[in-house]
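Take a look at the structure set out below.
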Amino acid sequence: MAFPSFSPIACSLSLLVASSLTAQQGSVDAFTPSAAFSTGRVHANDHHQRSTAPGAAGPLHVSVVSQFVTTQHTDTTDQRLAFAFEAESPQSIGVNGHSNAYANNSKGGVNKRRSNRKHNFVLNAEYLNEAPDLDFYTLHSSNISHLHRDMPIDDITQAIKRAQNRHDIHDLQTIASFLIDECDENWGYGFRGSLLSRLAVAALHVNELDTAQRAIETRRVYERPSMQPHESAAVIRGLMRAGSVEDGWDVLEDELRLPLDGTSLSTAFNKELLTHRARSLASIATRHFFEGEPYVAAKALEKIFTLGELVGNAGLHDEVEMPWARLVNAATQCNEFAMPGGSYPCKFIYDDTELPSDLTDLVWNAMLAFPCPGEEDECTVDDYLLEP
């Protein structure tokens, strides 16, 4: 005869039931016949079960565990028992892995954090173009609510960057009034000039030309000793981008003018000045070639040509990093704008500037005026066209 096999879990439960029956022997069960009749919950076969069970006079114990002990053990029974005592897990309630509400899904879902950014300039036009606060200098920024003379310089820089990114005209005009009208040349220990240049670039980015001109003029008059060449170069690029070409030429010849005759070109300041002047002129030429304005580009290349000898005397061979290849590509593209007869449908025309039939000749002439890359005595055109 084959005996049923019991698992360790089943054996432990059987011992628990046996000890419970011994401890409760002689006690009166709550579910006795009298109690059942008194409550009216007696079934027809209850009396028969009680009279025929062993020890009918004793208490009756009904337990699911005892039924399990007397049942033959199988793998399925173990699994059911484990499931009965199993705690809920994320997988058991249908959650597979962690969910990140802000992550983009693989099907091109929209990032909720980015979708909540209020960068719709059309819908917020009235809010962004409010009149500036000239009394308390309050801003729309939640991090920097208002401006005052004792605040850190970095906070004002952050406010300018935010206003530029958000196209917040109210904040830009409020910051301009604070820096120009509230603060004087003794405020900021020389940082006022840098803030004014940043403000001018930000205002040009959103086509606020009046605000930019006020910042440029205030910086020129009161902060000239603290002006840096890289800041002037950024202002020039902003003016050219905004279409203020003549103003850009004025700033170039004022703030990035050539060193005076007889001064040493090997000083750190003059080297930096020549470097940023050359890069600014290259940017002007490239931009206006692409925009179909060859006269402005030709004027810039003429200035680059005169700059070549000074760059060599200053020992700036590879530091300038002129984008000659990009200039050639821009001039080649601008040739396509030429009309029959060699004229160009452009806005800016300089009578004292003559244009060749092939605009790339202007680039070659300016390029060959510069020293050879790598301090070489001789070089070819390909050496210039290599990307720095």
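The values are calculated or read from the model by the stated rules, or taken from the named source; none is laboratory data. This structure is a prediction, so every number in the text was calculated from the model and none was measured. Cβ sites come from the backbone with ideal geometry, for glycine too, and all protein chains shown count toward neighbours. The protein model used for the area step is the full one, side chains on, heavy atoms only, and it has no ligands, DNA or RNA in it. Shrake-Rupley method; radii C 1.70, N 1.55, O 1.52, S 1.80 Å.
At a glance:
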item: Karplus-derived HN-Hα couplings along the range 148-164 (A = 6.51, B = -1.76, C = 1.60, θ = phi - 60°), whole Hz, x at Gly and Pro; result: 8, 5, 9, 7, x, 5, 4, 5, 5, 4, 5, 5, 5, 4, 5, 4, 5
item: Per-residue HN-Hα couplings for the range 206-222 [Karplus 6.51, -1.76, 1.60; θ = phi - 60°; Hz; x = Gly/Pro]; result: 10, 6, 8, 5, 5, 4, 5, 5, 4, 5, 5, 5, 4, 5, 5, 7, 9
item: Accessible area per residue in Å² at 1.4 Å probe, computed on the range 270-388; result: 51
item: Within the accessible area of the range 136-262 (1.4 Å probe), percent carbon and sulfur; result: 45
item: Förster radius 22 Å - calculated FRET efficiency between Asp210 and Ile153, Cβ distance, rounded to 0.05; result: 0.35
item: Cβ-based charge dipole, the range 151-232, positive-most Cα from Ala203, Gln228, Gly188; result: Gln228
item: Size descriptor, Kirkwood hydrodynamic radius, that averages inverse alpha-carbon separations across the range 117-228, Å; result: 13.9
item: Projected-area average for the range 205-358 over all orientations - Cα convex hull basis, square nanometres; result: 10.1
item: Percent carbon-and-sulfur accessible area, the range 277-388, ignoring ligands, DNA and RNA, probe 1.4 Å; result: 47
item: Förster-model FRET efficiency, 51 Å R0, Ser145 and Asp382, C-beta, rounded to 0.05; result: 0.35
item: Sorted peptide list for 356-367, 253-264, criterion being average Cβ within 10 angstrom, highest first; result: 356-367, 253-264
item: Whole-Hz couplings from phi, Karplus 6.51/-1.76/1.60, listed for the range 247-257; x for Gly and Pro; result: 5, x, 4, 4, 5, 4, 7, 9, 8, 10, 6
item: Solvent-accessible area per residue for the range 204-267 (1.4 angstrom probe, square angstrom); result: 49
item: Interchain or long-range residues, amide H under 5 Å from His146's placed H; result: Leu139
item: Potential lengthening between Thr332 and Cys346 on full extension [0.36 nm per residue; Cα-Cα distance subtracted]; result: 3.4 nm
item: Theoretical FRET efficiency, 1/(1+(r/R0)^6), r = Cβ-Cβ of Val221 and Asp261, R0 25 Å, to 0.05; result: 0.45
item: Euclidean distance between Cα centres, the range 225-272 to the range 286-351, Å; result: 18
item: Rg over Rh, two decimals, the range 318-367 (C-alpha only, Kirkwood Rh); result: 1.02
